[in-house]
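Here is the structure we will look at.
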Amino acid sequence: MLNQRLAAGKAVANELFPAEKEVEDALVHTARLAIAVIEGRRSARLPITTGQEGLVRVLQASLRLAEAREELGAAHVAFRSTQNEVGLRAISFGNLWECPPNTGELQAEAANVA
């Protein structure tokens, strides 16, 4: 039974961590795209309305990616609770780093430092 729970936890972690990284990578690329649109318009000395519709759509996509990042973060916290519920509390599934603390843990750390 423990082996099945470990396998399930590992399968979730193997998909969650790359999803978190990829959504942040997409955010970086859309931010760079928005900058390229603005800087390209400026360097070409085009009217400020040039590329406006595309820029707005890129920024809307960035907002949706930020929302997706938030949802993945919430899912990560929820999975940490599930991990505890199924008796896998002491197991780290990340192969690069420890799971970051959730918001409550960060607030407690800040209070201890102050």
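The values are calculated or read from the model by the stated rules, or taken from the named source; none is laboratory data. This structure is a prediction, so every number in the text was calculated from the model and none was measured. With ideal geometry, Cβ positions are generated from the backbone for all residues, glycine too; neighbour counts draw on all protein chains shown.
Quick notes on this structure:
- Selection of the range 46-59 for residues being assigned to a helix (DSSP H, G or I) and more than 11 Å from A34 (Cβ to Cβ) yields Q52, E53.
- Being surrounded by 15 or more Cβ atoms within 10 Å (Cβ to Cβ), under 14 Å from the mean Cα position of the chain (by Cα) and either in a helix (DSSP H, G or I) or not hydrophobic (A, V, I, L, M, F, W, C) (or both) is a property that holds for V23.
- Qualifying residues in the range 1-23 (those that are charged (D, E, K, R) and without any contact (Cβ under 8 Å) to a residue 40 or more places away in the chain) - the one farthest from F79 (Cα to Cα): E22
- Any chance E39 is within 25 Å of the chain's Cα centre (by Cα) and either in a helix (DSSP H, G or I) or not hydroxyl-bearing (S, T, Y) (or both): no
- Put simply, of L16, L88, L6 the only residue that is touching a His at 6+ places or on another chain (Cβ under 8 Å), modelled with pLDDT under 95 and surrounded by 14 or more Cβ atoms within 10 Å (Cβ to Cβ) is L16.
- Looking across R80, R64, R45, one residue alone is on the phi > 0 side of the Ramachandran plot and either surrounded by 12 or more Cβ atoms within 10 Å (Cβ to Cβ) or modelled with pLDDT of 95 or more (or both). It is R45.
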